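Peer 1: Sending over a structure as structure tokens; questions will come in a sec.
The values are calculated or read from the model by the stated rules, or taken from the named source; none is laboratory data. It should be emphasised that the depicted structure is a prediction, and the values quoted were computed from it without experimental measurement. Neighbour counts run over all protein chains shown; Cβ positions are idealised from the backbone, glycine included. Areas reflect the complete protein model, heavy atoms only, side chains present, ligands, DNA and RNA absent. Shrake-Rupley method; radii C 1.70, N 1.55, O 1.52, S 1.80 Å.
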Amino acid sequence: TIHSPDFLATGSEFPLAECLVAQLPAEADVVILPLAAVFTGATEAAIAVAELLGGTDFRVEALLVTDKESANNEHFAQRIREADAVIVTDGSPLHLRTTLRETEVERALREASLVVGMGSVATVFGDPMIDPRGGAPTTGMGLFTDAIVTVEGPTLERTRELLTDAVDLYVVEPKMGIYRHSGEWYVSSAQ
């Protein structure tokens with residue numbers, strides 16, 4: 001069978017640290033991939049996520065993948081394959097998809113244990129994904145193909161109109177986490 005990583009899509013106000021503490025071993029190896037935030041500050045995005053995880057015993061490392069060259073770095077790919085969780089920070093979904101396409105890091109994400117997509121980048125990991133510019137389905141990374149994950153936004157109605165009822169659509173709201181574990185989908189919302 002083809003391995004499909006567990007996947008967690010989180011909104012901006014979702015209690016990520018609590019959720020991961022409940023799922024991962026106490027001293028889990030967690031890597032942060034701030035590639036999507038490269039225009040707004042990859043280092044700052046990685047630090048913000050590390051601070052979210054500050055109360056945990058996780059070993060946290062940021063992988064500063066910023067372009068095609070670093071996305072083909074075998075060390076980064078190996079770290080992703082070995083980690084208990086890979087957290088991909090929010091930012092530009094299209095930049096993330098374009099930079100990772102056909103790279104070692106993309107292949108490694110397919111072999112990861114758990115991939116966490118924060119905010120709007122969550123849409124990139126499925127296939128199809130939703131193009132944030134117009135709300136239409138387009139080619140995503142294909143870590144899963146049994147549902148579409150997107151975020152609330154001005155194009156959401158158009159997205160709903162373009163999709164058939166045969167496709168499960170999950171919309172990530174700020175306090176929400178949408179989890180895919182062993183092929184099953186679960187939705188949780190912070191109180």
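Peer 1: Quick one: what pairs do we get from the range 52-63, first residue part of a loop (DSSP other than H, G, I, E, B), second of a type in the set (Phe, Trp, Tyr) and modelled with pLDDT of 95 or more, C-beta under 9 Å, 6+ apart or different chains?
Peer 2: Within 9 Å, the pairs are Leu63/Phe76.
Peer 1: Right, here's the next one. Count, please, the residues in the range 42-71 that happen to be open to solvent by less than 70 Å² (accessible area, probe 1.4 Å) and either of a type in the set (A, V, I, L, M, F, W, C) or under 16 Å from Ala112 (Cα atoms) (or both).
Peer 2: The number of residues fulfilling the criteria is 14.
Peer 1: Right, here's the next one. Given (1) closer than 15 Å to Gly119 by Cβ; (2) open to solvent by less than 40 Å² (accessible area, probe 1.4 Å), identify the lone condition not met by Phe39.
Peer 2: (2)
Peer 1: Is there a residue in the range 143-161 that is aliphatic (A, V, I, L, M), without any contact (Cβ under 8 Å) to a residue 24 or more places away in the chain and either open to solvent by less than 30 Å² (accessible area, probe 1.4 Å) or under 19 Å from Thr10 (Cα atoms) (or both)?
Peer 2: The answer is yes; a qualifying residue exists.
Peer 1: If you go through the range 26-35 one residue at a time, do you hit one that is without any contact (Cβ under 8 Å) to a residue 24 or more places away in the chain and part of a helix (DSSP H, G or I)?
Peer 2: No, every residue in the range 26-35 fails to be without any contact (Cβ under 8 Å) to a residue 24 or more places away in the chain and part of a helix (DSSP H, G or I).
Peer 1: On to the next question. Among what's in the range 82-98 and is open to solvent by 60 Å² or more (accessible area, probe 1.4 Å) and touching a residue at least 24 places away in the same chain (Cβ under 8 Å), pick the residue that is nearest to Asp131 (Cα to Cα).
Peer 2: Ranking the candidates gives Asp90 first.
Peer 1: Suppose we filter Arg107, Arg79 for residues that are part of a helix (DSSP H, G or I), open to solvent by less than 60 Å² (accessible area, probe 1.4 Å) and on the phi < 0 side of the Ramachandran plot; which single one remains?
Peer 2: Matching residue, one of Arg107, Arg79: Arg79.
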